[in-house]
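Right, one structure below, let's go through it.
The values are calculated or read from the model by the stated rules, or taken from the named source; none is laboratory data. What you are looking at is a predicted structure, and each value in this text was computed from that prediction instead of being measured. As a convention, Cβ positions derive from the backbone with ideal geometry for all residues, glycine included, and neighbour counts pool all protein chains shown.
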Amino acid sequence: MAGGAGAQIIVDGLVKRFGSFVAVDGVSFDVARGEIMGFLGPNGAGKSTLIRILCGLLRPSAGRALVAGIDVTEDPDAVRQRIGYMSQKFSLYNTLSVLENLRFFGGVYGVPRDRLEERIRFAIDMAGLAGRETSLVATLAGGWKQRLALGAAILHRPAILFLDEPTSGVDPESRRRFWDLIHTLGAEGVSVLVSTHYIDEAEYCNRVALITRGRLIALGTPFELRRRSLGAELLSIEREGIANAIELVEKAPGVHDVAVFGSALHALVDDAATRAPALVAYLAGHGIAGATARRIEPTMEDSFVHLVGAATRARGDPP
Amino acid sequence: MKLRRVKAIAVKESLQIVRDPRSLMIALLIPLMQMFMLGYGINLDIKHIPLCTYDREMSQQSLGLLKRFEASRYFTLRKTAQDYAELTRDIDDSSCTIAIVIPAGFSQGLNDAGTGTVQALIDGTDSNTANIAANYARAVISGFSGDLQLQAIQRRGGTVQTLTPVDVQARVWFNENLESRNYIIPGIVALVMAIVGAQLTSLTIAREWERGTMELLVSTPVKPLELMLGKLLPYFAIGMLDAAICLALAVFWFDVPFRGTLATLLFTTSLFLIVVLCIGYYVSVSIRSQVGASQVALLLTMLPTILLSGFAFPIDQMPVFVQGITYLVSGRYYVTILKSVFLKGAGAVELAVPILCLALYAVALVVLAARSFRKTLD
């Protein structure tokens, strides 16, 4: 799906420094037409900085970024004409009505006059804001605002959409609805680059890039990331108060990695079938009886926690 | 440049202004308030100087002299003191600026020796007022002595030469009654325009940064020049409305004679408005906080216009070095133009130099403001 002449976004060795702080550290990837690419990572990982560089809002310190085939440092205005952007912070005008905001962005993006009303109609229907056209934006609830912002970002039919944590602070119902919209756009051929720190949302993407401390530490379909990145099998160990035994489990034979998940421990082992009974016996031998261990399918969260931990250890940084 | 985008921004900005009571208030009420406050507050004519008298003689002549003080429009009698202590107190607490003391034996001296002395105690804190008070007091007293001489000569049956050998026939042009208000008010119009103009635009870019709307705006294809024009247009309209209010108040409320043409007035006012709007815009771009930008804009416009525009303090009385600096103050040209248009009825030809200077200033600031905005978050 990725790469080749059809790629809408090509990022190659991108670096962004703020003084001595490296916010983006040699990131490379590309996004195909109609692909929904997710940026997953903790706050401060450099997701927003990357998106801002691709929108031409920040200049990269090194590396190259082509958006719609145009170098973002050479002709940022040509890039801006072809993209839609939703910033992390809501940035429509609160004292203007829904319609006034859309007219404004239609004008600024130069949507042809004879198409404008039709595009606005489309955006309002898509955002489910019919009947609220004359409401001031300040009076709208969070999910509605978010959909309106998306509507404003696609008024000019951009080929590429950048959405920076579009669903943060929005209720689950609205989040689902928002993702449906993103998939509709993807199906129409719009490339969508969306950042999130909700791990479950990564499952909705065609491909996911895991980003932490400015580095891209893994890239693949959610399925690939869950399976192959781990390179091992996963056991869920359950017992009351088992979280306190994390250090003990770490030292058990055949265990690569352990993390706390709710009230259980998730242990990464070389072979689930043999290690599950061995671990139960090992715990009992250390005075923790009655624990259960069963093989589970790794989730995105398992994969993410493992990969971030591995990347951190590889760099010798404190966790 | 696309007019479509300029229009979109101008419409959006106008809607925001209309829905933001604070900016509307700055736009319309502040100039009114300032015109009244400054128009009445700043008055360089000294009349009705508070006067205190202490008559130690209470003779017909001493009372006659004091009557003349009371009758003068330059003095207002505040108090008749009974001793020196009371007099001193009145000057100390500023209830009077000048005190006239007539000594005991005043009329006797006049009758016997033909000469008398009157004491004037003047509060010199404000040297200008003190000077003027002393001069007015001298004038009242010399009028009194002149009449005394006349009476004395007439009593002796003599004739009086009524012609003064050399007389000045002074005729004042342009401000016939030497009303300081007539030349201060046009200056105040310039001052109010400078303050309000820069205030209007000082918030416009900073507000978008503060509210986070700028991030989206710079991600659109809008060009810096389009953004500036779109943002300045609505404020230009408001600024011209403010100018109309101020100028109408000057003519119809403060009765300043208007002898020029409306065309000259409107043309030069637009030029000055462009200058101050661009100052505010430039500050707003440079300082991304509304409070900071508003304060800097106030400082940049109010101080130079008050001190260095010549609106109240004559430029030719300043040290040469300071005079040089005044050429950098846009208000200087507009104040010159306004005073001449109002009082002298000067037209574009007579005012070619200051108009040209103001126009150059406007062009320079438009360029500066347009180049200041960078579409980046760096």
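Is it fair to say A:G84 is on the phi > 0 side of the Ramachandran plot and of a type outside the set (V, I, T)?
no
Check A:L54, A:L99, A:L116, A:L58 and return the single one that is over 21 Å from the mean Cα position of the chain (by Cα), more than 20 Å from A:E188 (Cα to Cα) and either buried (at least 21 other Cβ atoms within 10 Å of the Cβ) or within 12 Å of another protein chain (Cβ to nearest Cβ) (or both).
None of the others qualify; the one that does is A:L99.
Among the residues of segment A:72-89, write down those that are within 7 Å of another protein chain (Cβ to nearest Cβ), assigned to a loop (DSSP other than H, G, I, E, B) and not polar (S, T, N, Q).
Answer for segment A:72-89, where residues must be within 7 Å of another protein chain (Cβ to nearest Cβ), assigned to a loop (DSSP other than H, G, I, E, B) and not polar (S, T, N, Q): just A:K89.
Results for (1) at pLDDT below 90; (2) in the same structural domain as A:R33 (by TED's automatic domain parsing), shown as yes or no for each residue.
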residue	(1), (2)
A:T184	no, yes
A:V192	no, yes
A:I211	no, yes
A:P222	yes, yes
A:V258	yes, no
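Just checking, does segment A:175-189 include any residue being among the acidic types (D, E) and assigned to a loop (DSSP other than H, G, I, E, B)?
Checking segment A:175-189: at least one residue is among the acidic types (D, E) and assigned to a loop (DSSP other than H, G, I, E, B).
Out of all the residues in segment A:284-307, is one or more assigned to a strand (DSSP E or B), surrounded by 18 or more Cβ atoms within 10 Å (Cβ to Cβ) and among the charged types (D, E, K, R)?
no
Among the listed residues B:D55, B:D90, identify the single one that is crowded, with 19+ Cβ neighbours inside 10 Å, free of Cβ contacts under 8 Å to residues at least 40 places away in the same chain and more than 30 Å from A:S97 (Cα to Cα).
Matching residue, one of B:D55, B:D90: B:D90.
Against the condition buried (at least 22 other Cβ atoms within 10 Å of the Cβ), farther than 30 Å from A:A310 by Cα and in contact with a helix residue (DSSP H, G or I) (Cβ under 6 Å, 6 or more places away or on another chain), how does A:L225 come out, does it pass?
The answer is no for A:L225.
To keep it simple, each residue is scored yes or no on (1) touching a residue at least 12 places away in the same chain (Cβ under 8 Å); (2) farther than 15 Å from A:L99 by Cβ; (3) β-branched (V, I, T).
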position: A:T139; (1), (2), (3): no, no, yes
position: A:G143; (1), (2), (3): yes, yes, no
position: A:Q146; (1), (2), (3): yes, yes, no
position: A:A149; (1), (2), (3): yes, no, no
position: A:I154; (1), (2), (3): yes, yes, yes
position: A:A159; (1), (2), (3): yes, yes, no
position: A:F162; (1), (2), (3): yes, yes, no
position: A:P166; (1), (2), (3): yes, yes, no
position: A:P172; (1), (2), (3): no, yes, no
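Does B:I141 fit the bill of being buried (at least 16 other Cβ atoms within 10 Å of the Cβ), on the phi < 0 side of the Ramachandran plot and outside the structural domain of B:T53 (by TED's automatic domain parsing)?
When the stated conditions are applied, B:I141 does not pass them.
Scan segment A:259-268 and give yes if some residue there is among the small types (G, A, S), more than 25 Å from A:A202 (Cα to Cα) and surrounded by 14 or more Cβ atoms within 10 Å (Cβ to Cβ), otherwise no.
No, there is no match, as no residue in segment A:259-268 is among the small types (G, A, S), more than 25 Å from A:A202 (Cα to Cα) and surrounded by 14 or more Cβ atoms within 10 Å (Cβ to Cβ).
Can you work out which of the residues in segment B:343-378 that are hydroxyl-bearing (S, T, Y) and over 28 Å from the mean Cα position of the chain (by Cα) is farthest from B:V256 (Cα to Cα)?
The residue in question is B:T376.
Any residue in segment B:32-51 that is modelled with pLDDT of 80 or more sitting within a Cβ distance under 7 Å of a residue that is among the small types (G, A, S)? List the pairs, counting only those 6 or more apart or interchain.
The qualifying pairs are B:I49/B:A133; B:P50/B:S95.
Take segment A:21-51 and flag every residue that is away from chain B (no Cβ under 14 Å) and among the hydroxyl-bearing types (S, T, Y).
Result: A:S28, single match.
Where in segment B:180-288 are the helices (runs of 4 or more DSSP H), entirely inside, with at least 2 residues that are under 15 Å from B:M35 (Cα atoms)?
Counting at least 2 such residues, we get B:180-202, B:224-248.
What is the residue count in segment B:194-227 for residues that are within 14 Å of chain A (Cβ to nearest Cβ), aliphatic (A, V, I, L, M) and more than 22 Å from A:V72 (Cβ to Cβ)?
1
Looking at (1) closer than 24 Å to A:L57 by Cβ; (2) out of contact with any Gly (no Cβ under 9 Å at 6 or more places or on another chain); (3) not β-branched (V, I, T), find the lone condition where A:D75 falls short.
A:D75 satisfies every listed condition except (2).
Being within 14 Å of chain B (Cβ to nearest Cβ) and within 21 Å of B:S219 (Cβ to Cβ) is true for just one of A:G69, A:G110. Which residue is that?
A:G110
Would you check which residues across segment A:90-114 are over 10 Å from A:L155 (Cβ atoms), part of a helix (DSSP H, G or I) and β-branched (V, I, T) and list them?
A:V98
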